[in-house]
Amino acid sequence: MNADDPHTVHVIDPNADPGPVPDIVVRPFTENGCTVTPVIIDPADAQYTLYGTVTRPDGTFVGSYYAADNVCGQHWRIVAADGTHYRADSEQQAVATLVHTLAAR
């Protein structure tokens with residue numbers, strides 16, 4: 001290994017304390033007959049959605065959504081089941097697009 005290489009890999013003790021890890025929960029709900037399943041980090045404090053998925057009543061996948069800037073929770077993206085990418089102004093708009101527009105296709 002080159003000591004000057006900024007990409008040097010260091011061995012980590014697998015028994016070391018990893019430090020505090022935030023809770024991650026899944027809170028599914030139904031909207032317009034579709035199941036919306038957001039994955040939420042730190043539900044007791046900051047609480048924001050990492051990503052979510054939407055399925056039709058028959059269980060087929062409609063698409064997923066996530067914040068492109070998950071630090072600020074902005075610039076939401078939608079990925080439809082066919083691979084098409086869309087932009088949304090908010091998490092609410094992303095969910096509404098998936099359950100009302102894309103689920104109908």
Taking the Cα centroid of segment 63-92 and of segment 37-52, what is the distance between the two, rounded to the nearest whole Å?
14
Only Cα pairs within less than 10 Å get springs; with that Gaussian network setup on the chain, which residue of P14, P22, P43 has the largest fluctuation?
P14
GNM top mover of T35, T84, T55 - the chain, alpha-carbon springs below 10 Å
T84
Using each residue's phi in segment 72-81, evaluate 6.51 cos²θ - 1.76 cosθ + 1.60 at θ = phi - 60° and report the 3J(HN,Hα) Karplus result to the nearest Hz, with x for Gly and Pro.
9, x, 10, 6, 6, 10, 10, 10, 6, 4
Approximate spin-label separation Y48-F61, in nm, with each point projected 7 Å along Cα-to-Cβ:
2.5
Could you identify which residue out of N32, N70, N15 has the top mean-square fluctuation in a GNM of the chain using Cα springs shorter than 10 Å?
N15
Per residue of segment 28-34, what does 6.51 cos²θ - 1.76 cosθ + 1.60 with θ = phi - 60° give for ³J(HN,Hα)? Whole Hz please, x for Gly and Pro, Karplus curve as stated.
x, 8, 10, 9, 6, x, 8
For the chain, with only Lys/Arg (+1) and Asp/Glu (-1) charged at the beta-carbon, what is the dipole magnitude about the Cα centre, in debye rounded to 20?
660
Have a look at H85, A68, A44 and report the one farthest towards the positive end of the charge dipole of segment 25-102, computed about the Cα centre with Cβ charges (Lys/Arg +1, Asp/Glu -1).
H85
Divide by every residue of the chain the summed helix terms, -39500 (n - 2.57) for each DSSP H run of at least 4, and state the resulting mean residue ellipticity at 222 nm, rounded to the nearest 500 deg cm²/dmol.
-1500 deg cm²/dmol
Just the Cα atoms of the chain, one point each, no solvent: what log10 I(q)/I(0) does Debye give at q = 0.14, 0.21 Å⁻¹?
-0.64, -1.02
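FYI, it's all coordinate maths here, none of it is from the lab. All values derive from a computational prediction rather than experimental measurement. Positions of Cβ are backbone-derived with ideal geometry, glycine not excepted, and every protein chain shown enters the neighbour counts.
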